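In what follows, a single structure is set out as structure tokens and then discussed.
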Amino acid sequence: MLVSAKEMLNKAKAGKYAVGQFNINNLEWTKAVLLTAQENASPVILGVSEGAGKYMGGYKTIVGMVNGMLEELNITVPVALHLDHGSYEGAKKCIEAGFSSIMFDGSHYPIEENIEKTKELVAICNQKGLSLEAEVGSIGGEEDGVIGAGEVADPNECKMIADLGVTMLAAGIGNIHGKYPANWTGLNFDVLAKIQELTGTMPLVLHGGTGIPEDMIKKAISLGVSKINVNTECQLAFAAATRKYIEEGKDLQGKGFDPRKLLAPGFEAIKATVKEKMELFGSVNKA
Ligand code: 13P
């Protein structure tokens, strides 16, 4: 059964480790993440962006697929199904469809509007026992079309949103989605420390987990990050393994074109990536 992310993240915050959110894109992705979590006795969060939701045939399709796998693959570790960077409308649709966790990303609204909409969703999620992630942070400096520092949140705004009763808080500290540019200056730990100081026991969320060096991940966890989102890294691993299979001509040998064979190396590559992250985040054997 799907669970809210609240208990697993509160435990992670208290135990100074982080739970991975791995974004899913299809059946192979979902199965790879769930089996890896089970094999490593790790809690896990399946992330679904609105785009991925549409791609996979809608939120209800995803809920059906994930619930079916939990039962038929005997997944007993805590699993949350989480809307990633949801709009207000998307959040409502996922609540309706049976997601167990929601992110409302109001970071692009003025803070008053972010507060207003987050507050409404806190009430709905509390009533239904779902976890809610909010986001604070404005896009950082941009020069010649290259975003230098990513998003850096105002710690006081973080405190205002945390006080609304959200379950976890994503705060920009120079992290960005996708690969980091060569001139990236790293995470802003001073801001993270300040946010942690003001928000206390609130689990903090680090987006853009792909490509952040291990020492920075560990430092972020020591400063209160208890949920880390990873998406691009699994995509890169999947693509590289699939490319290798095809370049080696394996799809042309025997029944190598069978999707169950063609997608197998990519599936294994996702599993290996997820396992590596669970070990780095410290969530192994924490289920
Ligand atoms: P990456 O794609 O950089 O790993 O970021 C994932 C993420 O933050 C999803 O919300």
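Every read-out reported here was derived from the displayed coordinates using simple, explicitly stated rules and does not represent laboratory data. Keep in mind that what you see is a predicted model, and the values were worked out from it rather than measured. Heads up, the Cβs are rebuilt from the backbone with ideal geometry, glycines too, and the neighbour counts pull from every protein chain shown.
Odds and ends about this structure:
- Student exercise, the range 6-281 dipole from Lys, Arg, Asp, Glu Cβ charges, in Debye to nearest 20: 920 debye
- Remark: Ser49, Ser100 ranked as Ser49, Ser100, counting other beta-carbon atoms within 10 Å and listing the fewest first.
- Under 18 Å from the Cα of Lys11 - aspartates and glutamates, other chains or at least 8 residues apart: Glu133, Glu279
- Computed from backbone phi with θ = phi - 60° and the Karplus coefficients 6.51, -1.76 and 1.60, the 3J(HN,Hα) list for the range 56-72 is 7, x, x, 5, 5, 4, 5, 4, x, 5, 5, 4, x, 5, 4, 6, 7 Hz; x is used for glycine and proline.
- Counting only DSSP beta bridges with both residues in the chain, the antiparallel share comes to about 15 percent.
- Available extension along the chain between Ser222 and Asp258 is 8.4 nm, counting 0.36 nm per residue and deducting the alpha carbon span.
- Distance distribution P(r), the range 1-134, all Cα-Cα pairs, bin width 5 angstrom from 0: 2, 11, 22, 23, 20, 14, 6, 2, 1 percent.
- Computed from backbone phi with θ = phi - 60° and the Karplus coefficients 6.51, -1.76 and 1.60, the 3J(HN,Hα) list for the range 218-230 is 5, 5, 4, 5, 5, 9, x, 6, 10, 9, 10, 8, 10 Hz; x is used for glycine and proline.
- The three principal axes of the C-alpha atoms in the range 139-287 carry coordinate ranges of 62, 45, 27 Å, sorted with the longest axis first.
- Each residue in Phe257, Phe189 was given a count of other beta-carbon atoms within 10 angstrom of its own, and listing them fewest first yields Phe257, Phe189.
- Charge tally in the Cβ shell below 14 Å around Asn74, where Lys, Arg are +1 and Asp, Glu are -1, Asn74 excluded: -2
- Nonlocal Lys pairs with alpha-carbon distance under 30 Å, the range 55-210 (8 or more apart, or different chains): 23
- Cα gyration tensor of the range 6-281 - equivalent ellipsoid semi-axes, whole Å, descending: 31, 22, 17
- Ascending count of other beta-carbon atoms within 10 Å, so fewest first, for His207, His85: His85, His207
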